[in-house]
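Have a look at the structure below before the remarks.
The values are calculated or read from the model by the stated rules, or taken from the named source; none is laboratory data. Treat the numbers as computed from the prediction; the structure is a model and nothing was measured. No Cβ is skipped: glycine too gets one built from the backbone with ideal geometry, and neighbour counts run over all protein chains shown.
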Amino acid sequence: MTVNSMHAASRDALVDAEHRLDGVLGEAGADPATVGDELFAVARLLRSEVSLRRAVADPSVPGESRQEMVRSLLDGKVGAQARQIIESVVASRWSSPRELLDGVRSLAVTATLVAAERDGTLESVEDELFGVARIVSNTPELELALSDETAPAQAQRELVRQVFGEKIGPISLALAEQVASAPRGRSVERQLDELSDLAARRRDQSVAHVISASPLSGEQRDALSAKLDRIYGKPITLHVEIDHGVLGGLVVKVGDEVIDGSSAGRIMALRGRLG
């Protein structure tokens, strides 16, 4: 489930929690990477303990009681900042326990991306996650292994470290591990792409997913980026995937809009007109 697919009550609860997260991360000495790690740990706990997840999302229980529940449960296990955020989460009304869990994950991702902003690696994180997604997409056995919801979460994280540990930075690695350890019945590739897009949006960039039959030169990338900037009236960052099946030309996707300039696309359009 994505944040956009949440029901209204959950979206409102998440907005409130995000405000709380902003406040916590703005405090002197706040370490967003640590807060993100701890929020991911709480998300793993809520995922594995169904009864706990239901209890902290139960609207028939007063919010203060739910806060006291997590306060006693998390005391000494996570820092005060992460605990404050979780207390804010459980005090709100969520549409379902599953959406509360998705909200905690979303907050963990945000804190982790803030860490990348602060250490100047956000653009690298965006590029690395896109690259990991392409490797997963082009390696079916890896995609299958990482999508196996019956595998222990720790084993999934270990697999990510073995494959990517020396190829990407620590923040990208942490995010990739979290995707692999909780695939939620969704494509690992798709989730990695979504995280890459989130990183781009935090840099005030929109993303164009470009499929090309061959690598683009620097001049070609600059020309395409400038053209898309003019079309959409805002900065566009390119994520380029090589696929020889496009038969020349480019396929460009920005949001829900697809610009198909490939030979294959033109052939399909011609067939459509002839049919």
Point to revise | Top-ranked residue of the stretch 202-244 - restricted to ones that are within 27 Å of V136 (Cα to Cα) and hydroxyl-bearing (S, T, Y), ranked as surrounded by the most Cβ atoms within 10 Å (Cβ to Cβ) | key: S212
Review point. Residues in the stretch 211-229 that are touching a strand residue (DSSP E or B) at 6+ places or on another chain (Cβ under 8 Å), part of a helix (DSSP H, G or I) and either of a type outside the set (S, T, Y) or in contact (Cβ under 8 Å) with a residue 60 or more places away in the chain (or both): how many?
Key: 4
Study note, to complete from the structure: By residue number, the members of the stretch 184-210 that are closer than 18 Å to V252 by Cβ, aliphatic (A, V, I, L, M) and part of a helix (DSSP H, G or I) are A200
Practice item. Scan the stretch 101-112 residue by residue and report those that are crowded, with 24+ Cβ neighbours inside 10 Å and among the β-branched types (V, I, T). Key: V104, T112
Study note, to complete from the structure: When the stretch 118-133 is checked residue by residue, the ones that are of a type in the set (D, E, K, R) and over 15 Å from the mean Cα position of the chain (by Cα) are R118, D119
Exercise for review: Give the residue that is modelled with the lowest pLDDT, with candidates limited to residues of the stretch 160-205 that are farther than 23 Å from I236 by Cβ, over 11 Å from the mean Cα position of the chain (by Cα) and of a type in the set (S, T, N, Q).
Suggested key: S181
Revision key, fill the gap. Looking across the stretch 140-159 at residues that are acidic (D, E), farther than 18 Å from D37 by Cα and part of a helix (DSSP H, G or I), the single one that is farthest from the chain's Cα centre (by Cα) is E141
Practice item. Within the stretch 125-139, track down each residue that is surrounded by fewer than 15 Cβ atoms within 10 Å (Cβ to Cβ) and either outside any loop (DSSP other than H, G, I, E, B) or outside the structural domain of D193 (by TED's automatic domain parsing) (or both). Key: none
Check your understanding: Counting only residues that are at pLDDT 95 or above and under 26 Å from V89 (Cβ atoms), how many does the stretch 117-141 have?
Key -> 2
Check your understanding: Here are some residues: G36, G23. Which one is surrounded by 21 or more Cβ atoms within 10 Å (Cβ to Cβ) and either in contact (Cβ under 8 Å) with a residue 24 or more places away in the chain or assigned to a helix (DSSP H, G or I) (or both)?
Key -> G36
**Study point:** Of residues in the stretch 76-100 being touching a Lys or Arg at 6+ places or on another chain (Cβ under 6 Å) and surrounded by fewer than 24 Cβ atoms within 10 Å (Cβ to Cβ), the one farthest from V61 (Cα to Cα)
**Key:** S88
Practice item. Enumerate the pairs (first residue in the stretch 118-144 and on the phi < 0 side of the Ramachandran plot and polar (S, T, N, Q); second residue anywhere and part of a helix (DSSP H, G or I) and buried (at least 18 other Cβ atoms within 10 Å of the Cβ)) with beta-carbon separation below 6 Å, excluding pairs fewer than 6 apart on the same chain, so at least 6 apart or on different chains. Key: S137/E189
